[in-house]
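Please read the structure below before turning to the comments.
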Amino acid sequence: MADRRLQVFHAVAKHLSFTRAADALFMTQPAVTFQIKQLEEQCSTRLFERRHGSIALTPAGEVVLCYAEKILALSDEMDIRLAEMTSEMRGSLLVGASTTIAEFMLPRILGEFNAAYPQVRARLIVANSESIESRVAEHSLDVGLIEAPAHLTGLSSLICCEDELQVICAPDYPLAGMASVTPASLVDYEFISREPGSGTRAITDAYFREHQIAPESLKTQMELGSPEALKGVVSTGLGFAIVSRVVVYKEQQLGELVAISLNPPLKRDLHLIYPQDRFQSRLTATFIDFARRKMKEMAL
């Protein structure tokens, strides 16, 4: 029930960009500009300084932002409290997930959650772990599922399950006949990596460093933005990649790719994150419990 102009102002103030705010709100940039102009006219002052290619909050804008955050939070809480007075679970749920979790775990989880609570409208945003963490911290997502612990302040982080990462390669690649591989043995082979900001990239870089191998010393052929892209390139025989074991299950069964265990094993915890300082609705709390339980089942 909050004033739409305040919602638009809050998005622009957080992104310090009319374009990014428009994308986040699923609005056109002229519509965002119009809402800000109306709010500035109502306040009889400028809220943003327009500079060459950038914007910044004016002192008045800083004051409005402080109150806008309080007003929007109270408005959300009121809507949720009113909805929870009915016995039926309903409402919208904004879920963000890193690429691996979104592609290989969440479809089933969201499908089962929707079957249990048909009046809930869940929306999934897919990005790398770093981006999802930022959006949860900005309160533009209710919940995030990522492949590394949260680093930003103001976030609560819960471990959902343990995930093992393995080396994958084409059946005719030189590594394919090995029962297991050490980090040192991989230095001589072509590596297909995830992009910076990916949870998988962070954990593999840390794993190599832990075993006295600089990630920069690997024969990295390319950096790709999704597990599906990695599998596609690896299947051509160009090199090896390191992915979650859930990613390659189907290709293993079909004989299209080979999965090889790392020695020592490379394991990580998958995390569910949410804002620490935000009122948590019954819907959000229910989804958190549901998602953690289902991810544990899938990891067994």
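Per-structure values
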{"quantity": "Any hit, the stretch 171-191, residues being in contact with an Asp or Glu (Cβ under 8 Å, 6 or more places away or on another chain), surrounded by fewer than 19 Cβ atoms within 10 Å (Cβ to Cβ) and modelled with pLDDT of 95 or more", "calculated": "yes"}
{"quantity": "Matching entry among 139, 151 (being over 30 Å from residue 165 (Cα atoms) and either touching a residue at least 60 places away in the same chain (Cβ under 8 Å) or part of a loop (DSSP other than H, G, I, E, B) (or both))", "calculated": "139"}
{"quantity": "Contacts under 6 angstrom Cβ, first residue in the stretch 194-208 being within 17 Å of residue 229 (Cα to Cα) and assigned by TED's automatic domain parsing to the domain that holds residue 234, partner among the acidic types (Asp, Glu) and surrounded by fewer than 21 Cβ atoms within 10 Å (Cβ to Cβ), 6 or more apart", "calculated": "195/223; 197/130"}
{"quantity": "The stretch 1-52, subset outside any helix (DSSP H, G or I) and among the acidic types (Asp, Glu), residue surrounded by the fewest Cβ atoms within 10 Å (Cβ to Cβ)", "calculated": "49"}
{"quantity": "Number of the condition not met by residue 271 [criteria: (1) within 21 Å of residue 123 (Cα to Cα); (2) free of Cβ contacts under 8 Å to residues at least 60 places away in the same chain]", "calculated": "(2)"}
{"quantity": "Of residues in the stretch 209-233 being out of contact with any helix residue (DSSP H, G or I) (no Cβ under 9 Å at 6 or more places or on another chain) and either not assigned by TED's automatic domain parsing to the domain that holds residue 181 or not in a strand (DSSP E or B) (or both), the one surrounded by the fewest Cβ atoms within 10 Å (Cβ to Cβ)", "calculated": "216"}
{"quantity": "Odd one out for residue 112, checked against (1) in contact with a strand residue (DSSP E or B) (Cβ under 8 Å, 6 or more places away or on another chain); (2) farther than 25 Å from residue 69 by Cα; (3) of a type in the set (D, E, K, R)", "calculated": "(1)"}
{"quantity": "Test: residue in the stretch 241-258 that is hydrophobic (A, V, I, L, M, F, W, C), assigned to a loop (DSSP other than H, G, I, E, B) and more than 25 Å from the chain's Cα centre (by Cα)", "calculated": "yes"}
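The values are calculated or read from the model by the stated rules, or taken from the named source; none is laboratory data. Worth saying up front: this structure is predicted, and the values here are computed from it rather than measured. Every residue, glycine as well, gets a Cβ built from its backbone with ideal geometry; the counts of neighbours run over all protein chains shown.
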